[in-house]
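Before any comments, here is the structure.
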Amino acid sequence: MAGLMDTPRGDRPTIGLVGRRNAGKTSLFNALLGQAAGIVSDQPGTTTDAHRVNTEWPGVGPVTLIDTAGFDDTGDLGALRVAKTEALAKGLSLAILVFATGDTEELARWQALRAQGPALPVLSQGDKPGRATLAAALSEQIGEAVILVSGQTGQGLDQLRQAVRALLPTEEAIYITGDLVRAGDRVVLVMPQDQAAPKGRLILPQVQTIRELLDRAALPICSTPETLPAALAALQAPPDLMITDSQAFAQVAALCPAETVLTSFSVLFASYKGRADVFAQGAQRLLAQPAPARILIAEACSHTPTSEDIGRVKLPRLLRKKLGEGVHLDIVGGDDFPSDLSPYDLVIHCGACMFTRSYVLARIAACQAAGVPITNYGMAIAGLTGILSQVTLPDGSRLEAPIDKP
C-alpha cells in the first residue's frame, strides 16, 4: 500500500465532487474515504476551498479525491470560490455532480460538466423519504442513471465505485522519454544542485525520469553541470542521449557531442503532461516579431523563490534581456490561473510535474480558445539562449526555426 500512496499527485486521476452548498458533497467525500476528512455541518458554505486527499480507489488504483466549494456560493468571497471550483472542474479526470433538488441551475451545471468531460450524476441524502422517486425522475430527465447515495448510511457507494471504474478514462501509457530511449542506451542526466534544488533529494521530474530509464533498461548517468565534462570523459563513447535541466541548456549544449541527442526535462514533460507541438509553436512565437509585450508565467507549485529560482528569477532575467526591460511579466502559482487571458501575448508554463495531464490540457485549451500562444520553460529557455534548433522532442523530431511573425 505504501507504494500506491507514494504515487505523485500529478500522475493520479482526479475525481471531483461538485454541487451546490449543503448538497451532501462532504458527507459523500468522507464516506468514500472512510474517514472524517472534511467538516460536515448544516451551515451553508462550510467547504470554502478545494480539499484534496490521495487515496486508493478499488479496481482503479491511486487517485486524488477532491471536495469543492458549492457552485451557488454568494458574496464577493463566494464568487471567488465559485471561480476556483469552475477552473478546477475543467481539469478533472472525472466529475461527480451531487444533485440536491434537480432544479434548473443543477441541470444546467450537469450539462456544462458533461460538455467538459466524463461526469457521473448522483443524488444525495438517499436515506430520506422521496429521494428514490426524485432520482428516477432525474434519470429520465437527463437520460442517464442517477445514482442514489447516502453519506450517512453508505447507500449506493458500491454502485458509485463501480460506475467510476467503468467511466474513469484510462489514458494510454506515455513514456516521459518518448521514442528517444532504447534498452542499453547510455543517458546522461544533467541536474544542477543549487539553492533552488531541495536539500537532500532530487526534484520530481528527475526522480521520475531516472526511474523510467531503469524500467526501460537504459543506463542513466547522473551529473551536475560542473561534473559533466568529467562524466563525458569517463565514457568510452559519446552518450546516446543527454537530458538537462532547462537552466543549464546553453552550458550543456556547448558540451554535447554532435552524435548525441539533446533534450531537457521540461521539453520531455511538454509531451508527458501536455502537447509538445503546441508548446513548440509558443516558443517560436516568443522569438517572432513583434515580440510579446505581456507574458504570463505559470508554475504548478507555489513556493518561496530563491536567488536561483528558475521561474521567478532566471527566466524573467532572460526574457528582459531578450525582449527589453519594458516587457510586462505576471507570475502565478498553483491553481491560480486567470480566467481572462486576453491581456496576454504569451503564456509560459512550467514542466507541470505536480499537475495531471488533463489539467494541463485544460489550460492549453483555455489559451487556444483565447488565441494566446503557450509554451513551457524548457522550450522558452532554449529559444532565449539560441539553441532552439538543437533541441529534440520526445518523438525524435527537431524544433523548426522561429517564425517571422505571429
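The values are calculated or read from the model by the stated rules, or taken from the named source; none is laboratory data. Keep in mind that what you see is a predicted model, and the values were worked out from it rather than measured. Positions of Cβ are generated from backbone atoms using ideal geometry, with glycine treated the same way; all protein chains shown enter the neighbour counts. Protein only, heavy atoms only, side chains kept; ligands, DNA and RNA dropped before computing areas. Shrake-Rupley method; radii C 1.70, N 1.55, O 1.52, S 1.80 Å.
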Original post:
For Ser339, are the conditions met, namely being hydroxyl-bearing (Ser, Thr, Tyr) and out of contact with any Pro (no Cβ under 9 Å at 6 or more places or on another chain)?
Top reply: yes
Original post:
Of all residues in the range 352-361, which are in a helix (DSSP H, G or I) and not aliphatic (A, V, I, L, M)?
Top reply: Arg357, Ser358, Tyr359
Original post:
What residue, among those in the range 118-138 that are in a helix (DSSP H, G or I) and of a type outside the set (A, V, I, L, M), is surrounded by the most Cβ atoms within 10 Å (Cβ to Cβ)?
Top reply: Arg131
**OP:** Specify which of the listed residues (Ser339, Ser358) is buried (at least 18 other Cβ atoms within 10 Å of the Cβ), touching a residue at least 24 places away in the same chain (Cβ under 8 Å) and among the polar types (S, T, N, Q).
**Re:** Ser358
Original post:
Quick one: Gln141 ticks every box in (1) touching a helix residue (DSSP H, G or I) at 6+ places or on another chain (Cβ under 9 Å); (2) open to solvent by less than 30 Å² (accessible area, probe 1.4 Å); (3) not in a loop (DSSP other than H, G, I, E, B) bar one, so which box is it?
Top reply: (2)
Original post:
Looking only at residues in the range 298-313 that are touching a helix residue (DSSP H, G or I) at 6+ places or on another chain (Cβ under 6 Å) and buried (at least 18 other Cβ atoms within 10 Å of the Cβ), which one is modelled with the lowest pLDDT?
Top reply: Ile310
**OP:** Just give me the residues in the range 367-394 being surrounded by fewer than 20 Cβ atoms within 10 Å (Cβ to Cβ) and not β-branched (Val, Ile, Thr), in sequence order.
**Re:** Gln368, Ala369, Ala370, Gly371, Gly386, Ser389, Gln390
**OP:** Being modelled with pLDDT under 75, out of contact with any helix residue (DSSP H, G or I) (no Cβ under 6 Å at 6 or more places or on another chain) and not in a loop (DSSP other than H, G, I, E, B) narrows it down to one of Gly3, Gly45, so name that one.
**Re:** Gly3
Original post:
Filter the range 236-252 for residues that are within 29 Å of the chain's Cα centre (by Cα) and at pLDDT 90 or above; which is farthest from Pro192 (Cα to Cα)?
Top reply: Leu241
Subject >> Residue list for the range 213-238, restricted to those being closer than 18 Å to Ser266 by Cβ and surrounded by fewer than 18 Cβ atoms within 10 Å (Cβ to Cβ) >> reply: Cys222, Thr224
Original post:
Across the range 69-101, what is the number of residues that are in contact with a Gly (Cβ under 6 Å, 6 or more places away or on another chain) and of a type in the set (S, T, N, Q)?
Top reply: 0
**OP:** Please indicate, with yes or no, whether at least one residue in the range 84-96 is in contact with a Pro (Cβ under 6 Å, 6 or more places away or on another chain), buried (at least 18 other Cβ atoms within 10 Å of the Cβ) and not in a loop (DSSP other than H, G, I, E, B).
**Re:** yes
Subject >> Residues of the range 136-189 that turn out to be farther than 20 Å from Leu123 by Cβ, of a type in the set (Gly, Ala, Ser) and in contact with a Leu (Cβ under 9 Å, 6 or more places away or on another chain), as a count >> reply: 2
Original post:
From the list Ala69, Ala115, Ala163, Ala183, which residue is open to solvent by 20 Å² or more (accessible area, probe 1.4 Å) and assigned to a loop (DSSP other than H, G, I, E, B)?
Top reply: Ala183
Subject >> Selection from the range 146-160 of residues that are touching a residue at least 12 places away in the same chain (Cβ under 8 Å), over 15 Å from Thr101 (Cα atoms) and either hydrophobic (A, V, I, L, M, F, W, C) or in a helix (DSSP H, G or I) (or both) >> reply: Leu157, Gln159, Leu160
